Amino acid sequence: MVARFRSAALLLAVALFCAPAWANDSAAELDAGGLILVPEPGIALASEDLSISRARIDVTYVFRSQVEAPRTVRIAFPLPPIDGRVLSFSALKLPQPERANFVGFTVTVDGHPVEPELEERAFVGEREVTDLLRRHGLPLNPLRVSELVAAQKQIDTAAWAELVKAGLFPDAEGMTEGLWRSEAKFHWLQTFPPGKDVRIAHSYAPVSGFHVLDLKEASRDSYRATYCLDDPGLAAIRRLHARARNASGYLRAFVVPYIVTTARNWASPIGRFTLTVDKGIPEAIVSFCRTGIRKIGPATVRWEARDYVPDQDLRVLFVLPGPGPMGIR
């Protein structure tokens, strides 16, 4: 189902949109979502309030222990994996590319900030290369470009040959892109006392995907099915296309993902689930696969559910007129 309003366009992100193009004018989004723990039958998720925009994702949970004794469990927030074999050659831009916490993740418990531990590891295929990278001063995230370049300047010829042989860099002269995959997660121990609600809130910048969009692509059955773009939504895209300021008539499309299915690890369905999507500017068009979406403001829509058992992750499509920022690095 689509939610659409009138007025000016949403502008967030950093680099210029230029004309219709292929690989360099698009990038796939990186999945992230909510908190994860091992299946825990003693703790219920009483409510989840999720707010999604192109700039930020904010989530507030209310947890309730259903056992008579305090329960302490480890909670994790996985960062999206960064696969250098794909993303080193992509136009994708991370929100904070030179930080280990590249999405700016923050968390509070009952209003008090928590400093979670960060676990970082690196792999080539299934083989771990964390120690090898650290031995040569290389970053575990292959998209931390300035740190990567600085470390490469200190590596001698023999060591470089070892790294190429290990599959960390291309075996081609002049190519220095990192080919390993970074996996990282924040985690902390959380105690849930009996008979008391625990409110956990976290926030981060999504790694959204983007692509140029024309009417032919927007009308494809597969495209419409992916984002549940209904007839009124397609009509709104046609109107936006007709008003496009660029000669090609291309629009800018952004995709913000959110994983909700991990909530099934809790003791029961989510008692109350609220999703609010903020388009930023009323003229933008947003579409995602949920029914019963309602408008609550000039640029915001809401979807609500009771006793919710997530069976499908979210892909929120934002469509904006072009030209304008695309988020290309």
Test: residue in region 174-184 that is at pLDDT 95 or above, more than 30 Å from His136 (Cα to Cα) and part of a loop (DSSP other than H, G, I, E, B): no
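If you check Ser208 against the conditions, is it of a type outside the set (Lys, Arg), open to solvent by 20 Å² or more (accessible area, probe 1.4 Å) and modelled with pLDDT of 95 or more?
The answer is no for Ser208.
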Could you go through region 78-95 and let me know if any residue there is open to solvent by 30 Å² or more (accessible area, probe 1.4 Å) and within 14 Å of Tyr258 (Cβ to Cβ). yes
Scope region 295-324; condition touching a residue at least 24 places away in the same chain (Cβ under 8 Å), open to solvent by 60 Å² or more (accessible area, probe 1.4 Å) and not in a loop (DSSP other than H, G, I, E, B); matching residues: Lys295, Arg302, Glu304, Arg306, Asp307, Arg315
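So in region 107-158, with the set limited to residues that are among the polar types (S, T, N, Q) and touching a strand residue (DSSP E or B) at 6+ places or on another chain (Cβ under 7 Å), which one is nearest to Asp58 (Cα to Cα)?
Taking region 107-158 as the starting set, the residues that turn out to be among the polar types (S, T, N, Q) are 108, 130, 141, 146, 152, 154, 157.
The next check asks that each one be touching a strand residue (DSSP E or B) at 6+ places or on another chain (Cβ under 7 Å); those that pass are 108, 130, 141.
Working: Thr108: 11, Thr130: 31, Asn141: 24 Å.
Once the filter is applied, the top-ranked residue is Thr108.
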Does region 270-278 include one or more residues that are open to solvent by less than 10 Å² (accessible area, probe 1.4 Å) and either among the basic types (Lys, Arg) or more than 24 Å from the chain's Cα centre (by Cα) (or both)? no
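Which one of Arg134, Arg144 is more than 26 Å from the chain's Cα centre (by Cα) and within 20 Å of Leu79 (Cβ to Cβ)? Spell out how you get there, then give the answer.
Numbers: Arg144 fails: more than 26 Å from the chain's Cα centre (by Cα).
That would be Arg134, the only listed residue that is more than 26 Å from the chain's Cα centre (by Cα) and within 20 Å of Leu79 (Cβ to Cβ).
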Test Thr176 against the criterion of being in contact with a helix residue (DSSP H, G or I) (Cβ under 8 Å, 6 or more places away or on another chain) and β-branched (Val, Ile, Thr), and give yes or no. yes
Would you check if there is a residue in region 159-167 being crowded, with 17+ Cβ neighbours inside 10 Å, hydrophobic (A, V, I, L, M, F, W, C) and assigned to a loop (DSSP other than H, G, I, E, B)? no
Those residues of region 144-154 that are open to solvent by 20 Å² or more (accessible area, probe 1.4 Å), closer than 17 Å to Thr130 by Cα and out of contact with any Lys or Arg (no Cβ under 9 Å at 6 or more places or on another chain) come to a total of 2
Restricting the first residue to region 204-219 and requiring it to be more than 15 Å from Pro81 (Cα to Cα) and free of Cβ contacts under 8 Å to residues at least 40 places away in the same chain, which pairs with a second residue that is of a type in the set (Phe, Trp, Tyr) and buried (at least 16 other Cβ atoms within 10 Å of the Cβ) meet a Cβ separation below 7 Å and a spacing of at least six or different chains? Glu217/Tyr223
Of the conditions (1) in a strand (DSSP E or B); (2) closer than 20 Å to Pro206 by Cβ, Gln96 fails just one. Which one is it? (1)
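Within the bounds of region 168-188, is there any residue that is more than 30 Å from Gly84 (Cα to Cα) and touching a residue at least 12 places away in the same chain (Cβ under 8 Å)?
In the first step, residues of region 168-188 are kept if they are more than 30 Å from Gly84 (Cα to Cα); the result is none.
Within region 168-188 (the criterion being more than 30 Å from Gly84 (Cα to Cα) and touching a residue at least 12 places away in the same chain (Cβ under 8 Å)), the answer is no, since none of the residues qualifies.
For Tyr258, indicate whether it is at pLDDT below 95, within 22 Å of Asp58 (Cβ to Cβ) and of a type outside the set (A, V, I, L, M, F, W, C). Quick ask: steps written out before the conclusion?
Numbers: at pLDDT below 95: yes; within 22 Å of Asp58 (Cβ to Cβ): yes; of a type outside the set (A, V, I, L, M, F, W, C): yes.
So Tyr258 fits the description; yes.
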Within region 220-230, can you find the residues that are without any contact (Cβ under 8 Å) to a residue 12 or more places away in the chain, of a type outside the set (D, E, K, R) and open to solvent by 30 Å² or more (accessible area, probe 1.4 Å)? Ser222, Ala225
Answer yes or no: is there a residue in region 195-203 that is touching a Lys or Arg at 6+ places or on another chain (Cβ under 7 Å), over 30 Å from Arg99 (Cα atoms) and outside any helix (DSSP H, G or I). yes
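Only one of Arg74, Arg56 is basic (Lys, Arg) and more than 21 Å from the chain's Cα centre (by Cα). Can you tell me which?
Working: Arg56 fails: more than 21 Å from the chain's Cα centre (by Cα).
Sole residue among the options that is basic (Lys, Arg) and more than 21 Å from the chain's Cα centre (by Cα): Arg74.
The values are calculated or read from the model by the stated rules, or taken from the named source; none is laboratory data. Everything numeric here is computed off the predicted structure, so don't read it as measured data. Ideal geometry is used to build each Cβ from the backbone, glycine not excepted, and the neighbour counts take in all protein chains shown. Each accessible area value is taken on the protein alone, full model and side chains, heavy atoms only, with ligands, DNA and RNA left out. Shrake-Rupley method; radii C 1.70, N 1.55, O 1.52, S 1.80 Å.
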